[in-house]
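Have a look at the structure below before the remarks.
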Amino acid sequence: MNAPTIAITLPDGTTLEVPRGSTPRDVAERIGPGLARAALAAEVNGEMVDLDRELEEDAALRILTQRDDEALPLLRHSTAHVLATAVRELHPEARIGFGPAIEEGFYYDFGVEEPFTPEDLSAIERKMAEVVESDHPFERRVVTKEEARELFSDDPLKLERLEEFEDEEVISVYRDGPFLDLCLGPHVPSTGRIGHFRLLSAAGAYWRGDERREMLQRIYGTAFFSGNDLDAHLKRLEEAKRRDHRVLGRELDLFTMDSRVGSGLILWQPAGSVIRREIEDFEQELILRHGYEIVYTPHVVSEKLFEISGHLENFAENMFGAMEVEGGRFRPKPMNCPGHICIYQAAQRSYRELPIRYAEFGTVYRYERSGVLHGMLRVRGFTQDDAHVFCTEEQVSDEVRRLFDLVDEMLATFGYPYTIALATRPEKSLGSEEQWDRAEGDLRSVLEARGLEYELDEGGGAFYGPKLDFQLIDAIGRKWQGPTVQLDFNLPERFGLEYVGDDNERHRPVMLHRVLVGSMERFIGGLIEHYAGAFPLWLAPEQVRILPVSEQWTESAQELVTSLTEAGIRARLEDRDTLGYRIREAETRKVPYMGVIGEREAGDGTVAVRRRGGGKKQDVMPRGEFIERLTEEVRSRARG
RNA sequence: GCUCUGGUAGCUCAGUGGUAGAGCGCUUCCUUGGUAAGGAAGAGGUCGAGGGUUCAAUUCCCUCCCAGAGCUCCA
C-alpha cells in the first residue's frame, strides 16, 4: 500500500514531506509565498512539468522562476500559444501547424489562404494583448488518441502529427481560454504571466520543413520577462541592421555584385581588396612561420579527379556542371583537397618528410540554390584559406596542438572570442572503431591539455572523420562559423595515399583539412559587421586623410601625404570644399585618422591629429612622431 | 528551387491611366575655410525586360529576369 506522503528533495538538499498528489505549486507555497508567486514551472527528476502536475512519488524538484535559464524558452513557447489563440480568434479558418520556442523567440505556422500582412500582424498583436489581459490558465489534459482525433477533427495538420504517436505515448493537450493545442508542454501557469512580446515578421515555411509539402505562413515573434530585455533585444536587431555588410559594403565601396556577372559572385572593389590582401598577407606570414608550404592548384579540373575523390558521388548537387573539352569533361573545383593530394602523390613520401602541410588560398565554386544566396555570406564562388596536413597517426595530436596556436593568434588579432565543439563519430562512418576512438581521443586530449571548454556534438562528425568547429562571437554577440579542423580517413584511402615508414613498409597517412577564416568572402562579410565598417588601422582601406585648412596649405599637406605613403601608410589628400564638410566626410567613410594642416602646423612642421569617432579632440604632434605612431599601430595590428 | 514582397537618377526613396520628382552624390562657378553638411547653377531616367488591354501604360493584366525576407541547405 502506498504511503500517504512522499519525500520531495529540493536543490539545496533539504527534503519536504508532502501529501501524495501534491503539486509543485503546493511545494512552492510550502517554501514561501514569494516563490509561489514567482513560480512558472518545475523540474521534477530532470523533467520539465507544469506547476499543477500531481506528484505521485518521491522526487527531486526544482521550482523554475524567470531567473532560471529554462524559463525564457518556456515563456516563449507559451507566447506562441497566445499567438495561435489570437490568430484563431481573428482567422477561425486558420489551420494550426507547429509553434515552438526558438533561439531568439518563437514562431507559429498557420495554414491560411492569404499570407499575413504587416497590418494583420498589428491586429494579431493587439488581440494577443487581450488574451494576456484575460489571464486564461494553461490547462493540461491527457487524452487518448481517439479523444484527440475528436478534438482536432478540424485540424488536419494536427491530425497528421497525431497519427505518428505510438500507442503507449502520453498525448497531452493544452487549453488557454478558447484555444486548444496538441502540445507536450509545459507552460507558464496562465496567459497573464506573459508580459513583453513583439511579433517581428511573417514568411512562408514548408509544412514540416519539407519542400514537397504545402507552404504554411509562419509568424515570428519574441518575448521576454521584462520590458527592458525586450527593448534591448529590439535594439540589438536594429544594431544588426545598421551593421549589415551589404549596406556598409556599398557605402564604403568594399564590394559589389552585378547581374551580368552572375548571382552569388563577388566583385571586390579596391577598398575591399585592401582588406582582403591585408588579411591574406597576415595569414600567409603566420602559416609560413607555422611550417606550411604554399601551393597553387587549377580552378578547372578533369571530372576524373572527382570520381576518385567521391565528390561526383556525394557532392554533385553542389557542383557546377561539366564543360566538354576535346571529349573530356571538366568541372570548376568545389574543394581544394583533391588537388593537394595530387601534389602529395607527385613523389614517393618518406616518414621523414611528414608532416607535410600544404596551404592555398584556393578559390572554389559551388552551386547554391538562388534562394540561399546572401551578400558575401553565402555565395557561389569563394576563396578558402585551405590547408591539408598529411601526417602519421602518431603525429595527429601534435598537429592539432599547432593548429590551436594558429587559431589563437589569428582570432585574437580580430578580437573574436570563440567556443569550440567536438563532433564525433556518426552512425554511418568509415574507418575502424579503434581509428575513430584514437582520433577523437587525440582531439579531446589536446582540448583538455589546454584547459579549453568545449561542447560535444555527439555523432556530428562527417562520415570520414571527427572534427573541431570553432564558433566566433562577434561584437554584438552573434555567432559565426570560424575555423574548422577535420580529420579524414576517407580520402587517403580513396587515393591510396602512402608513405614509407622507418620499417621500410608502406603506410597510410592521416589527412587533416583545416581552414582558419573559412571563406574570405564570408569572413570579411562578417568582419564588416563585427567592426560596423570601422576597421582597425591595419585593415582600413584608407588609413589617414590629410586635410589642409585652406588651399594655401595644400603644398605642406601634400608633403605629409608623401612621407606617409613612403612609410607604407595609405594616406590621401583632400582639399576641396570646407574643412567641416571634409571632416564629416572622413568620419562617415570611417577613416581612422585625420590630419589637419593649417597655418600653425605648416609653420612648425606639426600635424593636428583627429581620431575617428573622437569628436573635436585633437592631438598636435610633430609629423615624424605621427608617422611613427601609425607605423607601430599597423605593425602590431592593434585592434584600435 | 518554393512562398511572399519589391524593381522609378550612381545611392535612398516619393509619385501618376495623359511620356516623371526629392534628398544625397556627380559636374561647373562663386566662396579660401580651424574640427560632422557655405552658396548657386547644371548634367543625369527606354520608370527591370517582353507581351497584352486602352485613343493613351512607368501606372492595369500576363510571362520572364533580378533583388530582399523566410523555408530547405552550407564555407
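The values are calculated or read from the model by the stated rules, or taken from the named source; none is laboratory data. Note that this is a predicted model, so its numbers are computed, not measured. Cβ placement follows ideal geometry from the backbone for every residue including glycine, while neighbour counts extend to all protein chains displayed. Accessible surface is based on the protein model in full, side chains and every heavy atom, while ligands, DNA and RNA are left aside. Shrake-Rupley method; radii C 1.70, N 1.55, O 1.52, S 1.80 Å.
Remarks
- For segment A:340-361, the criterion of a residue being in a loop (DSSP other than H, G, I, E, B), modelled with pLDDT of 95 or more and small (G, A, S) is satisfied by at least one position.
For (1) touching a Leu at 6+ places or on another chain (Cβ under 7 Å); (2) without any contact (Cβ under 8 Å) to a residue 40 or more places away in the chain; (3) in a helix (DSSP H, G or I); (4) of a type outside the set (F, W, Y), each residue gets a yes or a no:
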position	(1), (2), (3), (4)
A:D258	yes, yes, no, yes
A:V261	yes, yes, no, yes
A:L265	no, no, no, yes
A:A271	yes, no, yes, yes
A:V274	no, no, yes, yes
A:E278	yes, no, yes, yes
A:F282	no, no, yes, no
A:Y296	no, no, no, no
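- Residue match in segment A:145-161 (condition: among the small types (G, A, S) and surrounded by fewer than 19 Cβ atoms within 10 Å (Cβ to Cβ)): yes
- Considering residues of segment A:211-251 that are in contact with a Phe, Trp or Tyr (Cβ under 8 Å, 6 or more places away or on another chain) and assigned to a helix (DSSP H, G or I) only, the residue nearest to A:I266 (Cα to Cα): A:G249
- Sole residue being part of a helix (DSSP H, G or I), buried (at least 18 other Cβ atoms within 10 Å of the Cβ) and either β-branched (V, I, T) or modelled with pLDDT of 95 or more (or both), chosen from A:V389, A:V400: A:V400
- Close Cβ contacts (under 7 Å, 6 or more residues apart or on different chains) running from residues in segment A:108-128 that are among the hydroxyl-bearing types (S, T, Y) to residues that are open to solvent by less than 20 Å² (accessible area, probe 1.4 Å) comprise A:Y108/A:A80; A:Y108/A:L83; A:Y108/A:A84; A:Y108/A:G99; A:Y108/A:I219.
- Of the set (1) open to solvent by 50 Å² or more (accessible area, probe 1.4 Å); (2) more than 8 Å from RNA strand B (Cβ to nearest atom); (3) part of a helix (DSSP H, G or I), all apply to A:D619 but (3).
- Selection within segment A:20-40 - touching a helix residue (DSSP H, G or I) at 6+ places or on another chain (Cβ under 7 Å), among the hydrophobic types (A, V, I, L, M, F, W, C) and in a helix (DSSP H, G or I): A:A28, A:L35, A:A36
- Being buried (at least 21 other Cβ atoms within 10 Å of the Cβ) and among the charged types (D, E, K, R) is a condition met by no residue of segment A:490-513.
- Restricting A:F224, A:F165 to those that are modelled with pLDDT under 90 and more than 16 Å from RNA strand B (Cβ to nearest atom) reduces the list to A:F165.
- Within the option set A:K617, A:K590, being modelled with pLDDT under 95 and either in contact with a strand residue (DSSP E or B) (Cβ under 8 Å, 6 or more places away or on another chain) or closer than 25 Å to A:L539 by Cα (or both) holds for one residue only, A:K617.
- Checked against (1) surrounded by 15 or more Cβ atoms within 10 Å (Cβ to Cβ); (2) free of Cβ contacts under 8 Å to residues at least 40 places away in the same chain, A:E70 passes all but condition (1).
- Close pairs (8 angstrom Cβ cut-off, 6 or more residues apart or separate chains): over 15 Å from A:F98 (Cβ atoms) in segment A:159-185, among the hydroxyl-bearing types (S, T, Y) and assigned to a loop (DSSP other than H, G, I, E, B) anywhere: A:I171/A:T144
- Single residue of A:L560, A:L564, A:L537, A:L573 found to be open to solvent by 10 Å² or more (accessible area, probe 1.4 Å) and not charged (D, E, K, R): A:L573
- Any hit, segment A:133-144, residues being part of a loop (DSSP other than H, G, I, E, B), surrounded by fewer than 18 Cβ atoms within 10 Å (Cβ to Cβ) and at pLDDT below 90: yes
- Each residue in segment A:415-453 was checked for being in a helix (DSSP H, G or I) and open to solvent by 70 Å² or more (accessible area, probe 1.4 Å), and 7 of them qualify.
- Annotation note: of A:E54, A:E17, A:E43, the sole residue that is over 20 Å from A:R193 (Cβ atoms) and part of a strand (DSSP E or B) is A:E17.
- Selection count where residues are over 17 Å from A:V188 (Cβ atoms) and either in contact with a Lys or Arg (Cβ under 9 Å, 6 or more places away or on another chain) or open to solvent by less than 40 Å² (accessible area, probe 1.4 Å) (or both), scope segment A:1-26: 13
- Filter result (open to solvent by 60 Å² or more (accessible area, probe 1.4 Å), more than 15 Å from A:A223 (Cβ to Cβ) and assigned to a loop (DSSP other than H, G, I, E, B)) within segment A:82-125: A:P92, A:E93, A:F98, A:E113, A:E114, A:P115
- Among the residues of segment A:365-381, the ones that are in a loop (DSSP other than H, G, I, E, B) and more than 6 Å from RNA strand B (Cβ to nearest atom) come to 4 in all.
- Subset of segment A:179-197 (residues that are surrounded by 19 or more Cβ atoms within 10 Å (Cβ to Cβ) and in a strand (DSSP E or B)): A:F179, A:L180, A:D181, A:L182, A:F197
- Answer from A:E239, A:E214 - the residue that is away from RNA strand B (no atom under 14 Å from the Cβ) and of a type in the set (D, E, K, R): A:E239
- All of A:R260, A:R243, A:R276 fail the test of being modelled with pLDDT under 95 and either open to solvent by less than 30 Å² (accessible area, probe 1.4 Å) or closer than 22 Å to A:W538 by Cα (or both), apart from A:R243.
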